[in-house]
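Note sheet for the following structure.
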Amino acid sequence: MSGTLAGRHILVTGGGSGIARAAAERYDREGAVVTVLNRSAAGADAVRDASGGRIRTLVGDGTDLGTLRAAVAAAVDDQGRLDHLTCGIGVFDDRCRVGDLSGEELLVAAEESWRVNVRATLLAVNVAVPALRAAHGSITLTLSESAFHATGGGVLYGSSKWALRGAVEHLAAELAPEIRVNGVAPGGTGGTRFGGLSSLGQTRTADQVEGRDERIAAGTLLGITAMPDDHAGAYRFLADPVDARVVTGVVIRTDGGRRL
């Protein structure tokens, strides 16, 4: 396949489900050499099989430094270069309220939210920087509408996404001029099984929330409920070394026009 992503080596963390999977599959359709790191073996198998085996997968914990090192090593080209990193690992907080938690609950829940949503992203960037620098590559972080408004989750989830919003600008400044850093901030999305905080015993996934799709549509200017594929174009654009050559420090908000 011809095109500006053809032959580019791309690593997607958390790419076995949801929005990150849609991004990985879009990169694959554009001809990129895609490697997905996913905690669930079932998710990894699903994205690999759906691609006809083209998408390479690793099963492991994307918050673990050794696992991330192995993933980057598997994703680089023969010269040790990585063209793009998409960070898609995340955990939801099921809209829990700080005032309703005990101090002990808050301690473990805040640690989990930071570790998965923020620290894992920074670790992935840290490990990938040498390979990205060699390729003059790029990074895309996954934010949320919660990085702009008090919606879409509770304060633990929202504050972690605000942190990533700041990380986009700080990393863009730190890693320039060799590496571009941007973000995508999806709004509420149907067709996902976004999980809650295990430290609080949250077992409900996003698809189990009654009336969720209708509330998402009602809260947007476009009146639609986005699906994972609706965000993939933004990821594809930011990964493109030609179309997005001068784009860094930017967050694309794919939220359907969040009503204020």
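Here are a few things to note about the model shown:
- For the pair GLU210 and ASP100, the difference between a 0.36 nm per residue extended length and the Cα-Cα distance amounts to 37.4 nm.
- Based on Cα contacts under 8 Å between residues 6+ apart, the stretch 89-237 shows a relative contact order of 26 percent.
- Cβ crowding within 10 Å averaged over residues, with 224-233, 116-125 ranked highest first: 116-125, 224-233
- A Förster radius of 35 Å combined with the Cβ-Cβ distance from ARG115 to PHE237 puts the calculated FRET efficiency at roughly 0.75.
- Relative contact order for the stretch 1-85: 33 percent, from Cα pairs under 8 Å spaced at least 6 residues apart, divided by residue count.
- Binning the C-alpha pair distances of the stretch 1-119 at 5 Å intervals from 0 yields a P(r) profile of 2, 12, 20, 21, 16, 11, 8, 5, 4, 2, 1, 0 %, listed from the shortest bin outward.
- Reduced Cα scattering model of the stretch 146-211, Debye log10 I(q)/I(0), q = 0.14, 0.18 Å⁻¹: -0.55, -0.80
- Packing, taken as the mean count of other beta carbons within 10 Å per residue, orders the peptides 72-82, 19-29 from highest to lowest as 19-29, 72-82.
- Dipole moment magnitude, nearest 20 debye, the chain about Cα centre, only Lys, Arg, Asp, Glu C-beta charged: 340 debye
- Heavy-atom SASA rank of LEU143, LEU101 (probe 1.4 Å, accessible area, largest first): LEU101, LEU143
- Ratio Rg/Rh, restricted to the stretch 21-74 and using Cα atoms, in which Rh is the Kirkwood radius: 0.96
- Each of ILE139, VAL125, ALA173 was scored by the projection of its Cα onto the charge dipole of the stretch 80-206, and the greatest displacement toward the positive side belongs to ILE139; charges sit on the C-beta of Lys, Arg, Asp and Glu.
- In plain terms, the bigger the Kirkwood radius, the slower the diffusion; for the chain, with that radius from Cα pairs, at 25 °C and 0.890 mPa s, Stokes-Einstein puts D at 135 µm²/s.
- A quarter of the convex hull surface defined by the alpha-carbon atoms of the stretch 78-230 gives 10.3 nm² as the mean projection.
- Distance from the stretch 120-170 to the stretch 24-103 (C-alpha centre basis), Å: 14 Å
- Computed 3J(HN,Hα) for the stretch 165-179, one whole-Hz value per residue from the Karplus formula 6.51 cos²θ - 1.76 cosθ + 1.60 where θ = phi - 60°, is 4, x, 4, 4, 5, 5, 5, 4, 5, 5, 9, 5, x, 6, 10, glycine and proline marked x.
- As a length-normalised measure over Cα pairs under 8 Å and 6 or more apart, the relative contact order of the chain settles at 20 percent.
The values are calculated or read from the model by the stated rules, or taken from the named source; none is laboratory data. Just so you know, these numbers come straight off a predicted model, no measurement behind them. Ideal geometry is used to build each Cβ from the backbone, glycine not excepted, and the neighbour counts take in all protein chains shown. Accessible surface is based on the protein model in full, side chains and every heavy atom, while ligands, DNA and RNA are left aside. Shrake-Rupley method; radii C 1.70, N 1.55, O 1.52, S 1.80 Å.
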